[in-house]
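Read through the structure below, which is laid out as structure tokens, and then see the notes.
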Amino acid sequence: PRILVIHGPNLNMLGTRETELYGTQTLDDIERELSLLAQQNGAYLEFFQSNHEGDLVDIIQGAVDRFNAIIINAAALTHYSIALVDALKAVQIPFIEVHLTNIYARENFRQKSLLSPVAQGGIFGLGSYGYSLALLAVCQWFNKN
Ligand code: DQA
């Protein structure tokens, strides 16, 4: 399958950002690991990170006819971006929501995800391993008949 991996605001700072919460792996480290796993499982991956809501909307709109699935950590936008949810609904590409931390064990304002109700599934609290699990899940959808 062709999978678009999207990272929202501030995830470009992984590695130095609140490491007690988000760990010391950089986004590059995570993407390198994922690329290897994709190769091993016959998946094609593209990565996109932006701190800008509109750029994320644009990349989602542009995914139509190009990708079979989206893996997205929308970061803070998860909790308030109706535009992002609308874009995901509009393109009708199945997506998996990933969070490094357990958003349900954090501040109140993080305990609501606008994406979850329209996601195929979600993984939270497992650190960067969550992306790997999401990738394997997508491969499994497309390998079974
Ligand atoms: C996050 C959780 C969000 O609440 C936060 O704004 C992030 C990262 C996570 O991966 O745990 O930036 O999406």
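The values are calculated or read from the model by the stated rules, or taken from the named source; none is laboratory data. Just so it is clear, the model here is predicted, and its values are computed rather than measured. Ideal geometry is used to build each Cβ from the backbone, glycine not excepted, and the neighbour counts take in all protein chains shown.
For (1) within 24 Å of Gly23 (Cα to Cα); (2) within 11 Å of the ligand (Cβ to nearest atom); (3) surrounded by 20 or more Cβ atoms within 10 Å (Cβ to Cβ); (4) modelled with pLDDT of 95 or more, each residue gets a yes or a no:
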| residue | (1), (2), (3), (4) |
| --- | --- |
| Asp55 | no, no, no, yes |
| Ile59 | no, no, no, yes |
| Asp65 | no, no, no, yes |
| Ile70 | yes, no, yes, yes |
| Leu77 | yes, yes, yes, yes |
| Lys89 | no, no, no, yes |
| Arg106 | yes, yes, no, yes |
| Gly127 | yes, yes, no, yes |
| Gly130 | yes, yes, yes, yes |
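Within the stretch 36-48, is even one residue surrounded by 14 or more Cβ atoms within 10 Å (Cβ to Cβ), within 16 Å of the ligand (Cβ to nearest atom) and either of a type in the set (Gly, Ala, Ser) or closer than 24 Å to Cys139 by Cα (or both)? Within the stretch 36-48, one or more residues are surrounded by 14 or more Cβ atoms within 10 Å (Cβ to Cβ), within 16 Å of the ligand (Cβ to nearest atom) and either of a type in the set (Gly, Ala, Ser) or closer than 24 Å to Cys139 by Cα (or both). Taking the condition within 13 Å of the ligand (Cβ to nearest atom), of a type in the set (Gly, Ala, Ser) and over 12 Å from the mean Cα position of the chain (by Cα), does Gly23 pass? Yes: the conditions hold for Gly23. Does Phe142 satisfy the condition of being surrounded by fewer than 18 Cβ atoms within 10 Å (Cβ to Cβ), modelled with pLDDT under 95, among the hydrophobic types (A, V, I, L, M, F, W, C) and not in a loop (DSSP other than H, G, I, E, B)? Yes, satisfied. All of Tyr80, Tyr129, Tyr104 fail the test of being under 23 Å from Asp28 (Cα atoms) and hydroxyl-bearing (Ser, Thr, Tyr), apart from Tyr129. Once the stretch 1-16 is narrowed to residues that are farther than 24 Å from Leu88 by Cα and surrounded by 14 or more Cβ atoms within 10 Å (Cβ to Cβ), the residue that is farthest from the ligand (Cβ to nearest atom) is Gly15. Contact annotation: residue pairs with Cβ atoms under 9 Å, 6 or more positions apart or on different chains, pairing a residue in the stretch 18-41 that is in contact (Cβ under 8 Å) with a residue 40 or more places away in the chain with a partner that is basic (Lys, Arg) and outside any helix (DSSP H, G or I), are Leu21/Arg106.
Restricting attention to the stretch 22-39, does a residue exist that is of a type in the set (Val, Ile, Thr) and more than 13 Å from Tyr131 (Cβ to Cβ)? Taking every residue of the stretch 22-39 in turn, at least one turns out to be of a type in the set (Val, Ile, Thr) and more than 13 Å from Tyr131 (Cβ to Cβ).
Does Leu100 satisfy the condition of being under 13 Å from the mean Cα position of the chain (by Cα), surrounded by fewer than 19 Cβ atoms within 10 Å (Cβ to Cβ), of a type outside the set (Ser, Thr, Tyr) and closer than 14 Å to Val5 by Cβ? Criteria not met by Leu100.
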